[in-house]
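Here is the structure we will look at, set down as structure tokens.
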There are 2 protein chains.
Amino acid sequence: MTIQGPSVFGPEAASGYSATRMARSLLDPHNSVTPLPRFLRWLEEYGSQDETEVHQVRLDRLDQWNIDPGTGNIRHGSGRFFTIEGLRAHRPGGPVERWTQPIIRQPEIGILGILVKEFDGVPHCLMQAKVEPGNFNGVQVSPTVQATRSNYTRVHKGRAVPYLEYFRDPGRHRVLSDVLQSEQGSWFYQKRNRNMVVEVTEDVEVLDGFCWVSVGQLHLLLTYPDLVNMDSRTVMGCMQVRAADPDTGAPDPLADDGGLRTSVARSTAEVPEDRFARTLHWITDVRTHNDMLVDLIPLNQVTGWKLAEGVVRHADGLFFEIVGVGITTGGREVRQWTQPLLRPTGTGLAAFFVRRVEGVLEVLVRAHVEPGLMDVLELGPTVQCTVANHAHLPAERRPRFLNAALDADPAAILFDTLLSEEGGRFHHARTRYLVVETTADGEVDAGPEHRWVTLRELSVLMRHSNYVNVEARTLVACLHSLLHDNS
Amino acid sequence: MTIQGPSVFGPEAASGYSATRMARSLLDPHNSVTPLPRFLRWLEEYGSQDETEVHQVRLDRLDQWNIDPGTGNIRHGSGRFFTIEGLRAHRPGGPVERWTQPIIRQPEIGILGILVKEFDGVPHCLMQAKVEPGNFNGVQVSPTVQATRSNYTRVHKGRAVPYLEYFRDPGRHRVLSDVLQSEQGSWFYQKRNRNMVVEVTEDVEVLDGFCWVSVGQLHLLLTYPDLVNMDSRTVMGCMQVRAADPDTGAPDPLADDGGLRTSVARSTAEVPEDRFARTLHWITDVRTHNDMLVDLIPLNQVTGWKLAEGVVRHADGLFFEIVGVGITTGGREVRQWTQPLLRPTGTGLAAFFVRRVEGVLEVLVRAHVEPGLMDVLELGPTVQCTVANHAHLPAERRPRFLNAALDADPAAILFDTLLSEEGGRFHHARTRYLVVETTADGEVDAGPEHRWVTLRELSVLMRHSNYVNVEARTLVACLHSLLHDNS
């Protein structure tokens with residue numbers, strides 16, 4: 001199996017060239033300046049030196065955070081960072097027409113940035129070992145820069161954010177991607193972060209806590225539970241990957257071995273414009289037919305939830321809780337602080353169903369309506385939910401494809417790993433990321449809320465905001481990891 | 001000058017083929033089943049038969065519209081159509097940091113759809129002669145379908161909307177574009193319409209009030225004052241036009257005659273990915289650095305405006321008024337009704353500065369922050385304003401490039417026509433659309449709010465929401481009209 005080399009591309013296709021180099025690294029992930037065992041040992045050592053301690057604190061006894069007596073909203077004394085407020089949703093014709101819930105409001109746009117540099121022709125990412133208070137397991141692999149605006153404008157009064165200058169003022173460097181992307185639309189109100197990939201050619205000093213890994217290696221690390229954090233995954237999902245000639249789209253330079261790997265590669269090739277126009281038409285259509293009216297309301301006007309013993313809980317113990325935590329750390333910008341976290345009541349499931357049509361992998365996406373999204377809905381996994389929230393429902397009222405995902409034949413499972421969501425806002429939030437291959441074309445009736453798309457279609461959409469949700473972006477990165485030749 | 005024919009494109013490039021046919025019609029606009037004189041006579045006859053009468057009515061004496069005693073908001077008794085409410089904007093660091101104003105709120109998504117069909121290999125658009133109550137001059141050329149959701153779900157209890165089925169259920173037809181686009185962000189709160197182009201091959205019955213014109217002819221009609229209405233223009237702007245081989249991007253099949261027309265054609269050709277990535281980076285950057293907090297407030301809490309003698313006016317007579325009108329018509333779904341309209345206090349100006357760089361036309365777009373936009377800002381004209389609102393300001397406080405546009409050398413003006421904005425919501429709203437060529441590369445210092453882009457970059461962005469504002473979409477259609485060989 002060979003990938004057409006860079007020599008065929010003129011200077012104008014420079015970014016296409018970078019997409020092809022990404023693909024080549026995915027095919028051969030062990031070609032890296034940091035052998036995998038050394039990376040894992042480095043991460044483990046970093047984790048073992050970590051002295052972060054996290055303990056629960058009543059919300060009404062947090063330091064510098066207040067519960068507003070009028071609204072019940074939870075906010076920092078500085079007015080910065082984020083607030084916990086209430087949300088009222090009205091979705092005419094939806095499975096639930098009206099509800100209220102607590103929600104995290106964080107209007108500031110942060111930066112999630114990965115610095116890329118080529119070593120011996122292989123693109124590498126400068127990744128950071130980072131401990132977040134909500135992490136299940138201490139240290140995880142985080143982007144080069146993971147900073148809220150409060151972080152990088154030093155509201156914390158902490159240390160400067162290393163490498164920030166590459167992302168705030170990329171100047172002469174090459175920006176491979178830079179797009180505002182949403183995060184969990186059921187937990188955040190219109191939160192967005194700037195997902196950036198910046199390539200440098202100059203020498204970069206590697207600071208303590210940072211390490212270069214190849215693009216392929218980073219994707220391979222997705223198969224380790226709770227290792228690559230959510231902020232890394234969303235940026236990885238936005239990386240443009242093309243295992244085919246980006247100039248002509250066809251013929252595919254990969255020899256067809258009839259295998260899964262070739263079908264993934266072909267899924268990254270240019271799609272016919274008519275096909276993409278139909279996909280855009282479908283998105284506009286479902287967006288037009290899903291009304292959602294959303295208002296922020298005072299947290300103390302949310303019904304069915306209450307603050308008791310310093311925790312905000314749903315009356316039936318469903319969905320999530322808002323808890324307070326106190327953190328003490330030896331190696332962070334601020335050494336001691338308290339804050340609220342959102343603690344989901346169960347493990348999430350995010351599954352892509354995939355199929356092969358004429359040797360091309362297709363992904364079954366769903367139009368997910370979530371109250372915190374800026375534009376009603378985004379394309380998400382085939383099925384995405386917290387399984388426990390649906391356990392009490394009869395089979396016919398459960399989300400479509402949930403049972404099929406849970407009961408999938410092990411032989412059809414291409415990817416299956418528990419990964420952590422953002423540890424700076426969520427407490428022990430974990431999601432099972434699953435890719436299941438369906439056996440034949442057209443066996444699955446997609447229905448109006450679902451649609452089969454290629455990886456290329458998702459990549460094009462991910463250059464823009466409001467199209468692909470954070471769970472689907474993780475799953476795209478997981479699918480890219482399948483380019484690895486593990487035969 | 002020749003355009004590479006369809007034979008070079010495989011079936012996969014079908015939509016690219018349609019983009020090329022669009023371009024070919026633009027080059028040769030008189031190749032049409034309806035000769036231009038016949039079309040103009042038809043339109044004039046339709047206009048002369050029109051019996052619509054519009055007279056002003058006090059807002060507090062409208063039929064079926066009420067002024068809410070608590071909020072002062074103006075709304076229809078049915079709760080449908082639209083409302084006039086108040087808006088409060090906070091733009092830290094902006095030229096004006098805080099203000100309030102009246103705004104039209106119309107959360108329903110309507111359809112603006114143009115039906116396309118090929119006659120003798122030339123794509124034609126089925127256009128409608130339509131009278132709107134706010135029109136300056138009675139009849140204008142409107143899309144095949146121009147319908148609010150209240151229209152097409154028959155809240156009016158009027159006639160069914162002709163040709164609606166092609167857009168609501170395009171099924172076996174080819175959807176060339178379908179995208180939610182914003183409208184005036186200073187006058188509408190998050191209004192969006194679905195801009196659709198649907199191509200049919202089957203026979204279509206031409207109803208009274210409709211007529212086929214070629215794509216090129218329709219663009220040529222843009223040079224007639226107040227003829228092609230805003231709803232037509234926004235859909236035309238979204239039409240994908242490529243006067244170059246869409247598969248390879250280069251070499252450009254147009255012989256370089258060194259002229260303007262060739263530079264426009266070349267501006268529609270594929271751009272290097274690196275260039276487009278930098279444009280996306282710039283958009284994300286300006287979006288991140290422009291905070292805008294917007295709330296809807298009761299109309300009676302808007303300061304500096306008041307309702308007197310049945311009209312809502314600004315204290316200094318600036319910006320716009322909200323007036324009531326009564327309409328009597330002989331040829332519309334509903335024969336008699338009243339409604340509010342927004343009446344701007346002066347004529348607008350929307351100007352694109354363009355330049356030629358190595359034979360490729362580039363357009364100077366500006367990041368326009370407007371309170372009614374869903375995502376803070378969109379790319380708009382180089383300069384866009386109501387000139388009269390700035391007349392009292394010293395030169396240095398006027399919008400950038402305003403004086404340069406007003407004082408442009410007549411020889412540098414490529415397009416200059418007064419066109420009308422939406423006559424269903426605005427009363428005699430007219431904008432001078434201007435395209436000015438700057439004389440040399442780099443003479444204009446773009447500054448952080450402006451950027452030079454190609455027509456192709458704008459076309460790609462217009463496939464998605466929240467990127468290109470309604471005035472810029474009109475100007476793109478005006479630029480496409482320059483492909484016409486009038487040498």
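Overview of values
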| read-out | value |
| --- | --- |
| Computed over the range B:176-238: relative contact order in percent, which uses C-alpha pairs under 8 Å that are six or more apart | 29 percent |
| At 7 Å out from Cα toward Cβ: residue B:37 inter-copy label distances (nm, ascending) | 8.9 |
| Modelled FRET efficiency - R0 41 Å, residue B:308 with residue A:315, Cβ distances, 0.05 increments | 0.20 |
| Mean Cβ count within 10 Å, highest first, over the residues of peptides A:222-235, B:355-368, A:302-315, B:193-206 | A:222-235, B:355-368, B:193-206, A:302-315 |
| Amide N of the range A:212-241 lying under 17 Å from the label point, which is placed 7 angstrom from the Cα of residue A:137 along Cα→Cβ | A:218-233 |
| Largest-first principal axis extents, alpha carbons of the protein assembly as shown, Å | 84, 66, 60 |
| Karplus-derived 3J(HN,Hα), 6.51/-1.76/1.60, for each residue of the range B:27-33, Hz, glycine and proline x | 5, 9, x, 7, 7, 8, 6 |
| Positive-pole candidate from B:201, B:179, B:213, dipole of the range B:107-222, charges at beta carbon | B:179 |
| Distance violations [Cα-Cα > 32 Å] among B:191/B:306; A:191/B:117; A:130/B:191; A:117/B:191; A:191/B:191; A:117/A:191 | A:191/B:117; A:130/B:191; A:117/B:191 |
| Solvent-accessible area buried by B and A, counting both chains, probe 1.4 angstrom, square angstrom | 3600 Å² |
| Charge dipole (the protein assembly as shown, unit charges on Cβ, about Cα centre) - positive-most of B:301, B:267, A:382 | B:301 |
| Relative contact order %, chain A, counting alpha carbon pairs below 8 Å whose residues are six or more apart | 22 percent |
| For the range A:337-354, Karplus couplings with θ = phi - 60° (6.51, -1.76, 1.60), whole Hz, Gly/Pro x | 7, 10, 6, x, 9, 9, 10, x, 8, x, 7, x, 10, 9, 10, 9, 8, 10 |
| Cβ charges +1 (Lys, Arg) and -1 (Asp, Glu), total dipole of chain A, debye | 1320 debye |
| Cα-centre dipole for the protein assembly as shown with unit charges at Cβ (Lys and Arg positive, Asp and Glu negative), debye to 20 | 2480 debye |
| Long-range HN-HN contacts of residue A:382 with modeled amide H, under 5 Å | A:351, A:352, A:353, A:366 |
| Number of partner chain Cβ atoms within 10 Å, mean per residue of B:269-282 | 5 |
| Beta carbon of chain B nearest to the axis of the rotation taking B to A, residue and angstrom distance | B:464, 3 |
| Residue (of A:453, B:35, B:392) at the positive-pole extreme of the protein assembly as shown, dipole from beta-carbon charges | B:392 |
| Long-range Cα-Cα pairs in chain B (distance over 28 Å), rounded percent | 52 percent |
| Under-5 Å amide H pairs with residue B:52, H placed in peptide plane, nonlocal only | B:330 |
| Shortest-first nm distances, residue B:445 label point to equivalent points in other copies (7 Å, Cα→Cβ) | 6.5 |
| Inter-copy separations for residue A:121, label at 7 Å along Cα-Cβ, nm, ascending | 4.7 |
| Computed E for residue B:120/residue B:449 - FRET, C-beta separation, R0 41 angstrom, nearest 0.05 | 0.35 |
| Residue B:38 paired with residue A:335, simple spin-label distance in nm, labels 7 Å along Cα-to-beta-carbon | 8.8 nm |
| Sequence-distant residues sharing a close amide H with residue A:415 (under 5 Å, placed H) | A:435 |
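The values are calculated or read from the model by the stated rules, or taken from the named source; none is laboratory data. Keep in mind that what you see is a predicted model, and the values were worked out from it rather than measured. As a convention, Cβ positions derive from the backbone with ideal geometry for all residues, glycine included, and neighbour counts pool all protein chains shown. SASA here: full protein model, heavy atoms, side chains in, ligands and nucleic acids out. Shrake-Rupley method; radii C 1.70, N 1.55, O 1.52, S 1.80 Å.
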